[in-house]
Amino acid sequence: MAAPTNTLGMEKSDAMDEWTIVLPRRGKQKTKGSKYVLSKNEAPVHTWTPKDVDANPERERRLLHKMDICIQKLENSQFWKSLLNQMESTEFLNRIINLLGSESSMKMVVYGIGSIESYDPPRLQLGIVILMKRNFGWIGDVEVFDPIISLIESKVLDSLGCSVLSLNEQGRRQALRPTFFFMPHCEAELYENLLEANWRSDMLNRTILFGNSFDEYEQYMSLCNTSTISKPRKHILAIRNFTTEVRISADFDDYYRAFNGSSWHFFCLDSELDSLLQ
Ligand SMILES: C[S@@+](CC[C@H](N)C(=O)[O-])C[C@H]1O[C@@H](n2cnc3c(N)ncnc32)[C@H](O)[C@@H]1O
């Protein structure tokens, strides 16, 4: 018999069944092992270590220096000023206060940052993460994962106060507490995984997602013959009616490549919608 579907056209999932993974403590890292809850009905989560494990203190020093320069340049840019204005607006802060509830801060989970040693956009995206963290007390610990991160990059991320996850969660972290997902220019599958793992109103209502515009996905899909699109977008499309999307202004030459098409996404689902989403 076919699995039951809800009015959003989604199959009934096992979102309530979940498992807990306790990460081991990493060597000399400052952060303690964290507890994650990932949804059970998903692909297995693999422990991960960098493929490129060459230690090279000189390259590490150079990369840290490059990051410092990048952050300074960003901090003086019109792009950052415009983003800061947006994040300091009453409307934005009210959303954060609502989302935090009784918590004083929320974790920031950064997926898909790319190689900060090899490319400008990942450096700029990480630079924005660091500036956000420095400027907003509501942003708590920052956790980063991208399977392509090298040992050198991982050490630089540590030096900048971010912890690199030792598990490939496949984007399926559940927002059991308020969580800010920063996922610039990720593949649609990763947003799909995130939405699927959080496909419950209480979890989505606790989630902020910075990433590719869902509105653009919808427009793109409406122009395409859907049968020719191989990659699934069903959660992205189904959640559109419950999403407030706020575009960021990326019309600044030096920052366009790193941030074009990016938006904030806030989700607002009534509790009676729970039955539709399970
Ligand atoms: C299109 S690239 C974007 C990279 C960077 N953000 C940029 O704008 O240049 C997507 C990134 O997602 C990463 N990625 C793939 N699977 C991932 C996973 N399971 N968790 C986190 N990141 C992942 C890829 O390695 C890649 O670096």
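Every number here is computed from the coordinates shown, using simple stated rules; none is lab data. The model shown is predicted, which means the values in this text are computed figures rather than measured ones. When we count neighbours, we look across all protein chains shown, and the Cβ atoms used for this are built from the backbone with ideal geometry, even at glycine.
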Sorted by Cβ neighbour density within 10 Å, fewest at the top, the residues 65, 185, 265: 65, 185, 265
Distance between modelled label sites at residue 254 and residue 53, nm, 7 Å Cα→Cβ extension: 3.8
Sorted by Cβ density within 10 Å, fewest first, the residues 224, 268: 224, 268
Relative pair counts by distance (%), Cα atoms of the stretch 112-203, 5 Å bins: 2, 13, 23, 25, 21, 12, 3, 1
Highest-first arrangement of 203-210, 70-77, where packing means the average Cβ count within 10 Å: 203-210, 70-77
Distance in nm between pseudo-label sites at residue 215 and residue 246 (7 Å out along the Cβ direction from Cα): 1.3
Subset of 66/133; 107/234; 81/133; 73/107 violating a 23 Å alpha-carbon distance limit: 107/234; 73/107
Whole-Å semi-axes of the stretch 83-129's equivalent ellipsoid (Cα gyration tensor): 28, 14, 6
